[in-house]
Amino acid sequence: MVKTAVASKEIYLFEDGLPFEAGQSFQSECPRDKKVKAQNLFKFSRKRGDFQISVVAAGIAMFFFMFFWTKTGWDGRKLPDELGSYVAYQFGLADIDGRVTRFGRILKQSWVAPMLCLFVFVPASLWNLRNSWKEMEWRKRFLLPTSAYFELTKYVAALEYVAYFIIYTLVVPILGYLVSTIILGMFLTWRLGYRSRRWILTGFFSSLGLVIAFRTMLQIKTPLSIWLYDQLPSAARAFMLTYF
Amino acid sequence: MEAFLTGIDSLMQPAVLLAILIGSVGGLIIGAIPGIGPAIAIAILLPATVFLDDLVSLVLLLGVYGSSMYGGAIPAILINTPGTPVNALTTYDGYAMTRRGEAARALSLAYSASFFGGCFSIIIALIALFVFGPYLRDLGALFGQRDILMAAVLGGVLLIAAHRQTMGIAALLFAFGFLISMIGRQSTRQIDRYTFDIQYLYSGFNLIVVIVGIFALSQALNLMVGKDDDPPEARITGGLLSGFREIVGSKVITISSACYGTIMGIIPGVGEFVAQFFSYSTARSLSKEPARFGHGSHEGLIASETSNNAVPAAAMIPLLALGVPGEALTAMMMVVFFDAGIKPGPDIFENNPDFLFSLFTALLLINILVLATLLFSTRLIAKMVYIPNRFLGAFIMILSFVGVYSIRNSLTDCIFAIIFGFIGFVLRRLDWPLVPIVLGLVLGSIIVERLTAGAGQIKSAVDLINRPVSGTLFMVILLVIGFIIWTSFKNRRTEYQS
């Protein structure tokens, strides 16, 4: 019995880790209160899905890089004949006889600014991809979750609202800003789970308030060729077109 | 003095005063609602400013910018949720004080520290305008196209350097924003860049469409997809004036934090977080009770709130003096300048000194108005904290539509705004910073514009840096890049050794 107790004690490196026994004072295993550091403001940890998005970012960078040669005016570039000597001349390392092309004439060309961007964009995206990959490998090594499935479900959920926004954009010219905003406001309130009468009414009045603030008071332009308003008597139609 | 009086006179117009009132009270409420924040509010308001007078628009946006951080302290202290991202540090000490039953004291400290920080940087700016104003008028002659170009490049480099742990991502997104600004038909030579024969892309992306998408619509999606918080109810008992006495007792910490806020605000690309980092660290080293920092220290609260409120006025300085915005909110204000046809830059000291006095005096008025509002209506504003996030998200989305559509009555703009919104949503979920995209867009446009305009004076590459200002700025750029490389190597070595 004593032998077993000794053996079990051996598996603990420190005294604090020994199991609680009768007669001993109780020791909490809660971690100590962490000291708050101002550095926490800059804390960043890569989330799940980071690697996949880093791949997409690198893909976008490559896409722009591939089309740089054809879509930025590079085809019609005007560069000095002996580019090597010209570059050396810019830094005072070589001398060129005769008339020298002004550096400003090169800088004015349409491909220069995209090239400057890509000079940062491509290496930064590849560097980020490398770091993200390293992080994922580290996570795999310590058996931490790496699947991006959860994030994907969130993106799909967001796409649902993107679709509502696009539908709203297409419906406004047909039903008018007032009607479509009220419908969207009430529908989104309902869709987001606020389904009591109180919340639906809150959605209704909030949408109405927005229309009154922006269309009626600030007179901000919204689509005007509205089928619904055309069905109204002319006086009502004119009023609705002016204020809603 | 004459410019100052003219500036005050233009502030006294009823429309400007109304804009100050709406901007400051609106910003206060927006700041108090977790999930909105000044960037989203300004993004939504931007299209409306097209229809308003320049000064009215700027004062409205300044009101939101200058007051939101006051409002942001309320949920940070009461429910441990920062109203705006810069109030994150306030939660450490503010919420701990609330748990001790000192919510009113914490709020009072936050208000008085914010007020001191805000007024400090404004007064410094006004004094600088009075004292150096006559000399600053000659500044325009010192700054040519190449100098502004170099200042914009420095802004970009500092922005990337300020994202300490995400420099690669910040560089990537900055370049992405820069590239977006380049899409469209080049005006001088009529060459299409990355338009792929899509007619909409010929005129390029409208800056406001991208800003509304990246900031407002992305957050709307983020809120709607997320869950509603169920914040605990906090009670505010007691007066809100005691904080003024306490900040007098901690004057060294208060003044040093205000100085950090002012200095960091002036440096483009740095902003509130770095200011808070330095002021909080300094306050802890100056304090007699450093162990209490993060556990309800009133000095910690003073340090974070003073420094973050000193930034807005200071951040206007590089925008106005160089025409280079230092962070997202001033970048958005730049859009108002673009629309109004005003080019902020060194010439402004000669051409529109009264405009500068108007802006800074308006900021001072905003601070006073906000403090008065808070002292009388904190309990009412605190109720805004409990509006459900998802419900807010829905209405941010509806608001964004009218904002985007009103710019040029284009439904295609709305579709592109939601595409940028989705991109912003994905980046938000990954905790990738959004500010570099907007600054890439704005600074990118400045870089291209100045490069084209100054090309005539550039015979060789050396001409880019052979002027006193551009040469100095180039040296600073090299130093910053050198510092970035040195710290990266140092960090890697430390990591390897540990």
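When the helices (runs of 4 or more DSSP H) confined to region A:78-142 are screened for residues that are open to solvent by less than 50 Å² (accessible area, probe 1.4 Å) and at the interface with chain B (Cβ under 7 Å from one of its Cβ atoms), those reaching at least 2 such residues are found at A:103-107, A:112-141.
For B:LEU52, all conditions in the list (1) more than 24 Å from B:VAL402 (Cβ to Cβ); (2) more than 20 Å from the chain's Cα centre (by Cα); (3) modelled with pLDDT under 90 hold save one; what is the number of the exception? Condition (1) is where B:LEU52 drops out.
Restrict the check to region A:187-200 and report whether at least one residue is in contact with a helix residue (DSSP H, G or I) (Cβ under 7 Å, 6 or more places away or on another chain) and of a type in the set (D, E, K, R). Taking every residue of region A:187-200 in turn, none turns out to be in contact with a helix residue (DSSP H, G or I) (Cβ under 7 Å, 6 or more places away or on another chain) and of a type in the set (D, E, K, R). Return yes when B:ILE368 is of a type in the set (A, V, I, L, M, F, W, C) and open to solvent by less than 20 Å² (accessible area, probe 1.4 Å) and no when it is not. No.
Return the residue satisfying two criteria in turn: it lies in region A:177-225 and is outside any helix (DSSP H, G or I) and more than 7 Å from chain B (Cβ to nearest Cβ), and of such residues it is surrounded by the most Cβ atoms within 10 Å (Cβ to Cβ).
From region A:177-225, those outside any helix (DSSP H, G or I) are A:192-196, A:218-225; that's our starting set.
Narrowing the set further to residues that are more than 7 Å from chain B (Cβ to nearest Cβ) leaves A:193, A:195-196, A:219, A:223-225.
Details: A:GLY193: 11, A:ARG195: 11, A:SER196: 10, A:GLN219: 11, A:PRO223: 17, A:LEU224: 12, A:SER225: 10.
Restricting to residues being outside any helix (DSSP H, G or I) and more than 7 Å from chain B (Cβ to nearest Cβ), the top hit is A:PRO223.
Selection over region B:161-191 of residues that are open to solvent by 10 Å² or more (accessible area, probe 1.4 Å), touching a strand residue (DSSP E or B) at 6+ places or on another chain (Cβ under 9 Å) and more than 7 Å from chain A (Cβ to nearest Cβ) gives a count of 2. With respect to being acidic (Asp, Glu), buried (at least 23 other Cβ atoms within 10 Å of the Cβ) and under 29 Å from B:ILE211 (Cβ atoms), B:GLU299 falls outside the description. Screening region B:329-418 for helices (runs of 4 or more DSSP H) wholly inside it with 3 or more residues that are away from every other protein chain (no Cβ under 14 Å) and modelled with pLDDT of 90 or more returns the ranges B:353-382.
Here region B:449-469 is the region considered, the condition is being outside any loop (DSSP other than H, G, I, E, B), small (Gly, Ala, Ser) and facing another protein chain (nearest Cβ under 8 Å), and the residue that is most open to solvent (accessible area, probe 1.4 Å) is B:GLY456. Do we find a residue being in a helix (DSSP H, G or I), among the aromatic types (Phe, Trp, Tyr), over 20 Å from B:LEU159 (Cα atoms) and within 13 Å of another protein chain (Cβ to nearest Cβ) anywhere in region B:273-280? Scanning region B:273-280, I find at least one residue that is in a helix (DSSP H, G or I), among the aromatic types (Phe, Trp, Tyr), over 20 Å from B:LEU159 (Cα atoms) and within 13 Å of another protein chain (Cβ to nearest Cβ), so the answer is yes.
Residue-wise test of (1) over 30 Å from B:GLY204 (Cα atoms); (2) among the hydrophobic types (A, V, I, L, M, F, W, C).
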| site | (1), (2) |
| --- | --- |
| A:GLY98 | yes, no |
| A:THR101 | yes, no |
| A:LEU107 | no, yes |
| A:SER110 | no, no |
| A:ALA113 | no, yes |
| A:LEU118 | no, yes |
| A:VAL122 | no, yes |
| A:SER132 | yes, no |
| A:MET136 | yes, yes |
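Under the condition of being without any contact (Cβ under 8 Å) to a residue 60 or more places away in the chain and hydroxyl-bearing (Ser, Thr, Tyr), the residues counted in region B:288-329 number 0. Count of region B:242-262 residues, restricted to those that are at pLDDT 90 or above, surrounded by fewer than 22 Cβ atoms within 10 Å (Cβ to Cβ) and more than 14 Å from B:GLU299 (Cβ to Cβ), is 1. Is it the case that region A:25-33 has a residue that's modelled with pLDDT under 55 and within 14 Å of chain B (Cβ to nearest Cβ)? The answer is yes; a qualifying residue exists.
Note on region B:276-307: residues that are in contact with a Leu (Cβ under 8 Å, 6 or more places away or on another chain) and under 9 Å from B:GLY261 (Cβ atoms) amount to 1. Restricting to region B:91-116, and then to whatever is more than 21 Å from the chain's Cα centre (by Cα) and among the aromatic types (Phe, Trp, Tyr), can you tell me which residue is farthest from B:LEU240 (Cα to Cα)? Among those residues, the one meeting the criterion is B:TYR92.
Within region A:143-173, the set of residues being of a type in the set (Ser, Thr, Tyr), open to solvent by less than 80 Å² (accessible area, probe 1.4 Å) and in a helix (DSSP H, G or I) comprises A:THR153, A:TYR155, A:TYR161, A:TYR164, A:TYR168, A:THR169. Scanning region A:53-69 for residues that are open to solvent by 50 Å² or more (accessible area, probe 1.4 Å) and facing chain B (nearest Cβ under 10 Å) turns up A:VAL56, A:ILE60, A:PHE63, A:PHE67.
Take the residues in region B:194-221 that are closer than 18 Å to B:ILE42 by Cα and touching a Lys or Arg at 6+ places or on another chain (Cβ under 8 Å), then tell me which one is farthest from the other protein chains (Cβ to nearest Cβ). Checking each candidate, the answer is B:ASN206. Applying the set (1) touching a Phe, Trp or Tyr at 6+ places or on another chain (Cβ under 9 Å); (2) closer than 17 Å to B:GLY94 by Cα; (3) within 14 Å of another protein chain (Cβ to nearest Cβ) to B:ILE247 leaves exactly one unmet item: (3).
For region B:424-448, what are the residues that are farther than 30 Å from B:SER470 by Cα, surrounded by fewer than 22 Cβ atoms within 10 Å (Cβ to Cβ) and more than 9 Å from every other protein chain (Cβ to nearest Cβ)? Correct list: B:ARG428 only.
Of everything listed in (1) of a type in the set (S, T, N, Q); (2) under 30 Å from B:ASP413 (Cα atoms); (3) touching a residue at least 24 places away in the same chain (Cβ under 8 Å); (4) not in a helix (DSSP H, G or I), the single unmet condition for B:THR237 is (2). Taking the criterion of being over 21 Å from B:LEU320 (Cα atoms) and either free of Cβ contacts under 8 Å to residues at least 12 places away in the same chain or of a type in the set (Gly, Ala, Ser) (or both), the residues of region B:256-287 that qualify are B:SER256, B:SER257, B:PHE277, B:SER279, B:SER281, B:ALA283, B:SER285, B:SER287. Contact map, region A:145-170: first residue within 7 Å of chain B (Cβ to nearest Cβ) and within 9 Å of A:GLY49 (Cα to Cα), second residue outside any helix (DSSP H, G or I) and among the charged types (D, E, K, R), Cβ cut-off under 9 Å, separation 6 or more or different chains; pairs are A:GLU151/A:LYS47; A:GLU151/A:ARG48.
The values are calculated or read from the model by the stated rules, or taken from the named source; none is laboratory data. Because the structure is predicted, anything quoted here is derived from the model rather than measured. Every residue, glycine among them, receives a Cβ derived from its backbone with ideal geometry; neighbour counts consider all protein chains shown. To get the accessible areas, we keep the full protein, side chains included, count just its heavy atoms, and leave off ligands, DNA and RNA. Shrake-Rupley method; radii C 1.70, N 1.55, O 1.52, S 1.80 Å.
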